[in-house]
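The values are calculated or read from the model by the stated rules, or taken from the named source; none is laboratory data. Note that the structure is predicted; figures quoted are calculated from it, not measured. Because the Cβ atoms are built from the backbone with ideal geometry, glycine has one as well, and the counts that use them run over all protein chains shown. What goes into the accessible areas is simple: the full protein's heavy atoms, side chains included, and nothing from ligands, DNA or RNA. Shrake-Rupley method; radii C 1.70, N 1.55, O 1.52, S 1.80 Å.
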Amino acid sequence: HFDTLKLNEFLIKKAKQIGITFFDDIITDYEFDDNGYLKQVESETAIYPADLFVDCSGFQRLLAKQVDEFEWVSQQHNLFVDSAFAFPIEHTEDNYVPFTMAKKMPSGWMWNIPVYSRSGNGYCYSSKHSSEEEAREDVEAKLGHPIKIAKRFTFDAGHMNKTWHKNMMLCGLASHFFEPLEATSMGVSVQQARLLVKFIEDESDDHEAYNELVQKMFE
């Protein structure tokens, strides 16, 4: 299990060691050519041209929102849960386990994911079958103690109809979201990145083949 913030720091350090340049900036504008290819992204102080752009902006889906060809395909009819809240729990000698636990609940499922100093916990539930207050009461009854909610969110489970259009890619949460168990999102994101690297190495611009393989992963 990984502490997400510490993992990010480690990966940035390793990326810089192999020559990857980082720009910490806020993108405010996008310039497309007459054929719909993205020429550059812009901030208030800089312009960033490139041959290929990959949207890894998570739920914000900054680039995806600019391109009509990227359309959301809801899978909410298959995956009923649409709400979640997360709460950390400090480790004690009695509650530490070195593996992920998922427990069934009245209106969804609850997760426990330990890292070295604490465990990440949450309840993913259907708002059609339970209010947040009812969901919280279910969790506290299951655990036997009060909880302090640190984060809450709602979502529409699903994925984009395609993840590669012209010179624009969508990866990770910018392209899909099913449930807030990180293993799913991380696994698909890694496979998307590996597949993109292979297509670049093969000098392939067969977007249709790439999209078909990624859609199969989503399914």
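Has segment 106-128 got at least one residue that is closer than 30 Å to residue 199 by Cα, aliphatic (A, V, I, L, M) and open to solvent by 20 Å² or more (accessible area, probe 1.4 Å)? Taking every residue of segment 106-128 in turn, none turns out to be closer than 30 Å to residue 199 by Cα, aliphatic (A, V, I, L, M) and open to solvent by 20 Å² or more (accessible area, probe 1.4 Å). Has segment 44-53 got any residue that is part of a loop (DSSP other than H, G, I, E, B), open to solvent by 70 Å² or more (accessible area, probe 1.4 Å), over 21 Å from residue 172 (Cα atoms) and among the charged types (D, E, K, R)? Scanning segment 44-53, I find at least one residue that is part of a loop (DSSP other than H, G, I, E, B), open to solvent by 70 Å² or more (accessible area, probe 1.4 Å), over 21 Å from residue 172 (Cα atoms) and among the charged types (D, E, K, R), so the answer is yes.
Of 97, 73, 81, all but one fail to be at pLDDT below 95, surrounded by 12 or more Cβ atoms within 10 Å (Cβ to Cβ) and closer than 26 Å to residue 125 by Cβ; the exception is 81.
Across segment 99-133, the number of residues qualifying as touching a residue at least 60 places away in the same chain (Cβ under 8 Å) and farther than 14 Å from residue 179 by Cα comes to 6. Given the criteria more than 16 Å from residue 59 (Cα to Cα), among the basic types (Lys, Arg) and either under 16 Å from the mean Cα position of the chain (by Cα) or not in a helix (DSSP H, G or I) (or both), does residue 216 qualify? No; evaluated as a whole, the condition is false for this residue.
Could you say whether any residue in segment 139-149 is in contact (Cβ under 8 Å) with a residue 12 or more places away in the chain, under 22 Å from residue 89 (Cβ atoms), in a helix (DSSP H, G or I) and open to solvent by 60 Å² or more (accessible area, probe 1.4 Å)? Yes: segment 139-149 contains one or more residues that are in contact (Cβ under 8 Å) with a residue 12 or more places away in the chain, under 22 Å from residue 89 (Cβ atoms), in a helix (DSSP H, G or I) and open to solvent by 60 Å² or more (accessible area, probe 1.4 Å). Only residues that are farther than 24 Å from residue 78 by Cβ, of a type in the set (A, V, I, L, M) and surrounded by 19 or more Cβ atoms within 10 Å (Cβ to Cβ) were counted in segment 163-219, giving 2.
If only residues of segment 39-70 that are farther than 12 Å from residue 23 by Cβ and among the aromatic types (Phe, Trp, Tyr) are counted, the one that is modelled with the lowest pLDDT is 59.
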